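The values are calculated or read from the model by the stated rules, or taken from the named source; none is laboratory data. Bear in mind the structure is a predicted one, so any value in this text is a computation, not a measurement. Quick reminder, even Gly has a Cβ in these numbers, built from the backbone with ideal geometry, and neighbours come from all protein chains shown. Accessible surface areas use protein heavy atoms only, side chains included; no ligands, DNA or RNA. Shrake-Rupley method; radii C 1.70, N 1.55, O 1.52, S 1.80 Å.
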Amino acid sequence: QVQLVESGGGLVQPGGSLRLSCAASGSTFSINSWGWYRQAPGKQRELVAVASVRGVATYYADSVKGRFTISGDNAKNTVYLQMNSLKPEDTAVYYCNARGPNNWGQGTQVTVSS
């Protein structure tokens, strides 16, 4: 099992930035890639970005391309999601997923509003 702790969410104005972090502990050797997902009220959870276990981005949803960047620090077993030029439609609970063991973090709320 891998335990994931997310942080970095909050309230930000449109056009602002946030950086989410997801720190892993436990059986981290079983992780083969990372994913960030989000779920807005009344909507299904959607995949936002994927990175290899070394933190190299391999996928972005069309809605966040050019604005979000996924990266990782292998030594710290931590993955990040840098979110720039935030829009109100980015408002959601963001979840980190350790692929392989398929463990999830508790989620962190991101609210984009003026």
Item checked: Filter result for SER25 (open to solvent by 30 Å² or more (accessible area, probe 1.4 Å) and not aliphatic (A, V, I, L, M)) -> yes
Item checked: Failed item in (1) open to solvent by 60 Å² or more (accessible area, probe 1.4 Å); (2) polar (S, T, N, Q); (3) touching a residue at least 40 places away in the same chain (Cβ under 8 Å), with SER113 passing the rest -> (1)
Next item on the list: Could you pull out the residue among SER30, SER17, SER52 that is out of contact with any Asp or Glu (no Cβ under 7 Å at 6 or more places or on another chain) and either hydrophobic (A, V, I, L, M, F, W, C) or farther than 22 Å from VAL2 by Cβ (or both)?
Entry: SER17
Next item on the list: Hey, could you check the range 38-54 for residues that are under 12 Å from the mean Cα position of the chain (by Cα) and under 12 Å from VAL110 (Cα atoms) and say which is surrounded by the most Cβ atoms within 10 Å (Cβ to Cβ)?
Entry: ARG38
Checklist line | Any chance TYR59 is within 14 Å of ALA24 (Cα to Cα), at pLDDT 95 or above and either in a strand (DSSP E or B) or open to solvent by 30 Å² or more (accessible area, probe 1.4 Å) (or both) | finding: no
Checklist line | Residue in the range 68-89 that is farthest from the chain's Cα centre (by Cα), counting only those that are within 17 Å of SER25 (Cα to Cα), of a type outside the set (Asp, Glu) and not in a helix (DSSP H, G or I) | finding: ASN77
Checklist line | Residues being closer than 14 Å to LEU18 by Cα and open to solvent by 90 Å² or more (accessible area, probe 1.4 Å) - total across the range 62-82 | finding: 0
Next item on the list: Could you grab the pairs with beta carbons closer than 7 Å, sequence gap of 6+ or different chains, first residue in the range 1-13 and touching a residue at least 24 places away in the same chain (Cβ under 8 Å) and surrounded by fewer than 18 Cβ atoms within 10 Å (Cβ to Cβ), second one not in a strand (DSSP E or B) and not β-branched (Val, Ile, Thr)?
Entry: GLN1/SER27; GLN1/PRO101; VAL5/GLY105; LEU11/SER113; GLN13/SER114
Note to self: Just to verify a result, which residue in the range 62-114, among those that are at pLDDT 95 or above and among the acidic types (Asp, Glu), is nearest to GLN3 (Cα to Cα)?
What the structure shows: ASP90
Item checked: Those residues of the range 85-98 which are at negative phi and surrounded by fewer than 16 Cβ atoms within 10 Å (Cβ to Cβ), in sequence order -> LYS87, PRO88, GLU89
